[in-house]
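See structure below.
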Amino acid sequence: MDAASPQTAPPEKRIQEFLAERYGDRAGELVVAPLSGDASTRRYFRLQDGSTTSVLALHPEPFVTEELPFVVIRSLLASWGVPVPELHDHDGARGLLVLEDLGDLTLQEVLKGASEVEREDLYREAVEGIVILQRETGRGQPKAGCFQISFDLEKLSWELHYFLKHFVETHRRADLSAEDRAVVAEAFHRLAEEIASWPRVLCHRDYHSRNLMLYGGRLVWIDFQDARMGPATYDLVSLLRDSYVDLDEDFVAHRAEEFRQQALPGEGREVFQRRLDLMSVQRNLKALGTFGYMAEVRGNPVYLPYMPPTLAHARRILTRYPELGALWRVLARHLEELQ
C-alpha cells in the first residue's frame, strides 16, 4: 500500500523524483510533454521512452492507490468487459498514475472526418457501452464507493443552483429579482425531485465525445472516476446532447430508441422520452455552470465556444414542456439564447 505522506514538492519535481526512482540513470533520456487537461485539478503528461509512450496523471494530493476512485472503478469496468486504459504504474505518495497511452483521437475528433455509416457505428458502440454498464452493475452491487453515492435530490439541486450562480449570475452578470429567484428555486426543486425519484443505475457521469478515445479499433473510456448511481438516461443524455458535437434530431431519436429497446424494453416510449428530456435539461444546465465556473473562476476560456450549443439543447426542452414554462421565461429574460 502506498504511504500517503504530505505532498510539498511542486508538480515537476514530483515527476522528476518518480522517474529517477523508476529509471535511474536513464531518466534524463525520457521526454515528458504536457497534455491538455480537463475541468479537474489533475494534470496530464505524455512520457516518451524511445518508441514507447505512456500517460502520467498527476493528482493535486497524495492518495492510497487501491482506494483511489479511478483505480477502483477502472478495475470494475475492466472486469465487466468495458474498454479502459491499462494501469502501468503508480506512486500514491506523489499523486501519480502511469496509464496506457490511448493517443489523441477522441470521438469528437474522429467524427469530423467520419462518414454517416461510420458515425452510426461509433454511436451504436457508445450506446452499447452504456447498456453493458447498466446490465453488469444491475447483477449485484459491490461495496465500492461509486455505489454508495448518487444523483439524489440534494446533488441534483446543488448542480442546478451551481448553474444559476456561475453561469447566469457570474458569467452573464444577470441580476435576478427576488420574484425571479423564487420561481427558479421552485422549478429547480420540482425538476430535481422528479429526477431523483427514478430508478438508479451506475453512471459514468461524464460520458461524452471527449471522454471516448478511439484506440485499437474500439472506443475506450476515460475520466470515469466520478461514477455514481443515477438515472438510466443520464449517460445517454451526456452522449446524445453533447456540448461538443452537433447531432441532428433524427439521429438522436434513433440512437435513443435503440438504447430503450436494449436497456429499458419494459419502459413505455412516453415515459422514456420524458425522462430523457428532463434529464437533458438538468445535465445541460449543470454543464453550463461548469463552463461559467471555468471561465470566470479558473480563468480558462476553453469552454466558451460550447456554451451556445449547450444553451440550444436546454432551450429545445424548456420550450417543449408547459410545466417548465415559468423556468424558461425567467431564464430567457436573462439569457437571450433561450428566447
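Read the figures in this text as sums done on the coordinates, not as results from a lab. All of these numbers come straight from a predicted model, not from anything done at the bench.
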- Message: I'm spelling it out carefully: the read-out is Rg and Dmax of the Cα atoms in Å, the candidates are (i) 21.1, 68; (ii) 19.9, 61; (iii) 18.8, 56, and one was derived from this structure. Which label?
- Response: (i)
- Query: Mind checking the angle between helix 69-79 and the chain's longest principal axis? C-alpha axes, 0 to 90 degrees, to the nearest 10.
  - Reply: 90 degrees
- Pick out which of 143, 165, 155 has the largest mean-square fluctuation in a Gaussian network model of the chain, springs linking Cα atoms closer than 10 Å. 143
- Note on the structure: In degrees, nearest 10, the alpha-carbon axis of helix 153-163 is tilted away from the dominant principal axis of the alpha carbons of the chain by 90 degrees
- Tilt relative to the chain, helix 116-137 - C-alpha long axis, 0 to 90 degrees, to 10: 80 degrees
- Item | Total lysine pairs whose alpha carbons fall under 21 Å of each other in the chain (8 or more apart, or interchain) | 4
- Message: Connecting C-alpha atoms closer than 10 Å in a GNM of the chain, tell me which of 124, 320, 14 has the biggest fluctuation.
- Response: 320
- Among 133, 30, 318, which one shows the biggest mean-square fluctuation in a GNM of the chain, springs joining Cα atoms closer than 10 Å? 30
- Calculated from backbone phi, Karplus (6.51, -1.76, 1.60) coupling profile of the stretch 283-291 in Hz, x at Gly/Pro: 5, 6, 5, 4, 4, 4, x, 5, 4
- Query: So what is the relative contact order for the stretch 22-149, in percent, with contacts set as C-alpha pairs under 8 Å and at least six apart?
  - Reply: 18 percent
